[in-house]
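One structure below.
The values are calculated or read from the model by the stated rules, or taken from the named source; none is laboratory data. Everything numeric in this text was worked out from a predicted model, so none of it was measured. Here the Cβ is made from the backbone with ideal geometry for all residues, glycine too, and neighbour counts use every protein chain on show. Heads up: the accessible areas ignore ligands, DNA and RNA and are worked out on the full protein's heavy atoms, side chains in. Shrake-Rupley method; radii C 1.70, N 1.55, O 1.52, S 1.80 Å.
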Amino acid sequence: MQAWERLENEWLKINVDCSYERKTNKAGARIIVRDHNAEAVIGRSKEIQADSAIQAEVMALREGMNVENNFWKAIFKVDSRDLYSKIVNREGDVDWRIMLIITNIQMLAPDKDGLAAPH
């Protein structure tokens, strides 16, 4: 487990996680927003209808970006290496069902330092 790294004042860390059930095409998205002192300021969970785990993950990330209007002062943490590579490194084939969402995320957060790599 990685220890919390203190953020600069006014910055937030938004951790997005998702669990996907293939049989039902449903996912549970969990979003937690922590301030620079690691205090939870917002917590949210949401059911998502998706055709794949990566589609659920990208939808959860986009939902996390909607949580805080000042997301340009936020670091987003995702657990999917595949999603991280598709967004930051622009690597791998992108399913047409998530292409628009990924493009939207890339436009909203062009600074790849704002998306923390999975461990």
*For segment 6-46, what's the relative contact order in percent, using C-alpha pairs closer than 8 Å and at least 6 residues apart?*
39 percent
*Got a sec? What order do Met65, Met107, Met99, Met59 fall in by accessible area at 1.4 Å, biggest, i.e. largest, first?*
Met107, Met99, Met59, Met65
*In what sequence, largest accessible area first, do Trp96, Trp11 appear using a 1.4 Å probe?*
Trp96, Trp11
*By accessible area of protein heavy atoms, probe 1.4 Å, what ranking do Thr24, Thr103 get, highest first?*
Thr24, Thr103
*Taking segment 1-102, which GluC sites (Glu not before Pro) meet the DSSP loop condition and have no more than 11 other C-beta atoms within 10 Å?*
Glu5, Glu8, Glu10, Glu39, Glu91
*Calculate the spin-label point distance for Met107 paired with Arg44, positioning each point 7 Å from the Cα along the beta-carbon direction, and give it in nanometres.*
2.0 nm
